[in-house]
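The values are calculated or read from the model by the stated rules, or taken from the named source; none is laboratory data. This one's a predicted model, so the numbers in the text were calculated from it and none came from an experiment. As a convention, Cβ positions derive from the backbone with ideal geometry for all residues, glycine included, and neighbour counts pool all protein chains shown. Keep in mind that these areas ignore ligands, DNA and RNA; they rest on the heavy atoms of the full protein, side chains included. Shrake-Rupley method; radii C 1.70, N 1.55, O 1.52, S 1.80 Å.
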Amino acid sequence: MTIEETDTLIVGAGQAGIAMSEHLCKAGVPHIVLEKDRIAERWRTGRWDSMVANGPAWHDRFPGLKFSDTDADAFPAKERVADYFVDYAKMIDAPIRTGVEVSRVARNTNRAGFRIETSNGVIEARNVVAATGAFQCPVIPPVVPSDADVMQIHSFDYRNPDQMPGGAVLVVGAGSSGVQIADELMRAGRRVYLSVGPHERPPRAYRGRDFVWWLGVLGLWDVAAMAPGTEHVTIAVSGAYGGKTIDFRDLANEGMTLLGMTRRFDSGVLTFAPDLAGNIANGDASYLSMLQAADAYVSRNGMDLVQEPDAHKIGPDPDCMTNPVRELNLAEAGISSIIWATGFSQDFGWLQVGAFDKSGKPDHQRGVSSEPGIYFLGLPWQSRRGSTFIWGVWHDARHIADHISTQRKYLQYPGPADP
Ligand SMILES: Cc1cc2nc3c(=O)[nH]c(=O)nc-3n(C[C@H](O)[C@H](O)[C@H](O)COP(=O)(O)OP(=O)(O)OC[C@H]3O[C@@H](n4cnc5c(N)ncnc54)[C@H](O)[C@@H]3O)c2cc1C
């Protein structure tokens, strides 16, 4: 039986796999993209119903195609983003095969390349790019036992308020997902508790420019690594309802009860850390520092952007901050469900090669792994802050395509001509 061969096999046809395919097409590198579901599946079925992109249409896209029917400053709905990637794949004629799952990749013995086992047979390739996403496996911390008398889901499985049982809802995690879901539930008339950890909450827009623009001109998308000690600081930003700055005080004033970090569960009672006021204060400080950096940029460059003095005003602390709830009896509070918006981990169990460090994390430099021929794409902070975002992954893919092309040139060198 003959085994199909290609130069580079890309696993996953989300935005990362499509960007990778575009750059390999441009470099003339033969390749195949395998996707176990549909193109950009996560944007269709891995997000809640009302979700819109966190960045405006002019920014959250690849350079080669605009969102044709979306206002440049609007936030496209998740289905529209998925359709965008389907259109993009068609435009570049990406060799994507959907419905094919990669179950195992292992290095060939005594010859170059890798053997890739899939749900549709075996393929051999000289290179493999793992473009399976940073947000693969929903993580729920082991705080509340699964047999406790409360429904528990991860934000990955949240769809809309109607899916939740009657009663109050506790949302744990106040990053972009948690805060948007909590807001949606409160707007739907639910009593909502929100457990708030360390976060940044940039202004949605300031002085007439969206925060994605400010991150760009201030060089913050390009920051190479998280500042030490900020590894667990999430970012709370939203394009919902036309795009509004996340202000936890506003949410509290509208009826949401803010809580510190969720710590323990015992006999139906949840305990929260005494860190709510500190977390909110640090979020405020990050918000204000961005305004200051933006003001300094405007002055330095002599720009004429509208003044926004009111943006610098921080409202008074709501009661739930000054008298924080430290313990909550779920039954007494009427809490019938918990949504854990607590992030994701990655599973590379199918990639059985030496491309991982001792802790099992990808061992790589800008996506080029320690196992020659194995590449990663779409990892958090792969090369910079922007790496997991739509526009950022496109640039990381170009770097990997360059690396693959350079290696091909070495291998194509025939050796010195005979004298
Ligand atoms: C809730 C949420 C909102 C986000 N909003 C934004 C936003 O507004 N703007 C922005 O720029 N970024 C956003 N992101 C970040 C990022 O853009 C998305 O997570 C995006 O989906 C990542 O794309 P990806 O291609 O790296 O991974 P994915 O979209 O996860 O694609 C990976 C693909 O690999 C496939 N796959 C996995 N394993 C295998 C296998 N073994 N064989 C074959 N196929 C496999 C999967 O089916 C999947 O389709 C958001 C992330 C989350 C979680």
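Numbers at a glance
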{"read-out": "Residue match in region 233-240 (condition: touching a His at 6+ places or on another chain (Cβ under 7 Å), within 23 Å of Arg47 (Cβ to Cβ), assigned to a loop (DSSP other than H, G, I, E, B) and modelled with pLDDT under 95)", "value": "yes"}
{"read-out": "Of residues in region 1-54 being polar (S, T, N, Q) and closer than 15 Å to Phe376 by Cα, the one farthest from the chain's Cα centre (by Cα)", "value": "Thr8"}
{"read-out": "Contacts under 9 angstrom Cβ, first residue in region 94-118 being at pLDDT below 95, partner within 15 Å of the ligand (Cβ to nearest atom), 6 or more apart", "value": "none"}
{"read-out": "Candidate set from region 99-135 (those that are part of a loop (DSSP other than H, G, I, E, B), touching a Lys or Arg at 6+ places or on another chain (Cβ under 7 Å) and under 17 Å from Tyr375 (Cα atoms)); member that is most open to solvent (accessible area, probe 1.4 Å)", "value": "Ala112"}
{"read-out": "Residue match in region 352-370 (condition: touching a His at 6+ places or on another chain (Cβ under 9 Å), open to solvent by less than 50 Å² (accessible area, probe 1.4 Å) and among the charged types (D, E, K, R))", "value": "no"}
{"read-out": "Test: residue in region 74-85 that is farther than 19 Å from Trp43 by Cβ, more than 12 Å from the ligand (Cβ to nearest atom) and among the charged types (D, E, K, R)", "value": "no"}
{"read-out": "Condition met for Gly302 (surrounded by fewer than 14 Cβ atoms within 10 Å (Cβ to Cβ), of a type outside the set (A, V, I, L, M) and at positive phi)", "value": "yes"}
{"read-out": "Residue tally, condition small (Gly, Ala, Ser) and part of a loop (DSSP other than H, G, I, E, B), over region 205-224", "value": "3"}
{"read-out": "From Lys90, Lys78, residue being open to solvent by less than 20 Å² (accessible area, probe 1.4 Å) and on the phi < 0 side of the Ramachandran plot", "value": "Lys78"}
{"read-out": "Subset of region 173-198 [buried (at least 18 other Cβ atoms within 10 Å of the Cβ) and away from the ligand (no atom under 15 Å from the Cβ)]", "value": "Leu185, Met186, Arg190, Val192, Tyr193, Leu194, Ser195, Val196, Gly197, Pro198"}
{"read-out": "Where Met303 falls short, out of the listed (1) out of contact with any strand residue (DSSP E or B) (no Cβ under 7 Å at 6 or more places or on another chain); (2) in a strand (DSSP E or B)", "value": "(2)"}
{"read-out": "Given (1) surrounded by fewer than 22 Cβ atoms within 10 Å (Cβ to Cβ); (2) in a loop (DSSP other than H, G, I, E, B), number of the condition Gly378 does not satisfy", "value": "(1)"}
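Yes or no, residue by residue, for (1) at pLDDT 95 or above; (2) β-branched (Val, Ile, Thr); (3) open to solvent by 10 Å² or more (accessible area, probe 1.4 Å):
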residue	(1), (2), (3)
Thr2	no, yes, yes
Arg38	yes, no, yes
Asn54	yes, no, yes
Arg61	yes, no, yes
Lys66	yes, no, yes
Asp69	no, no, yes
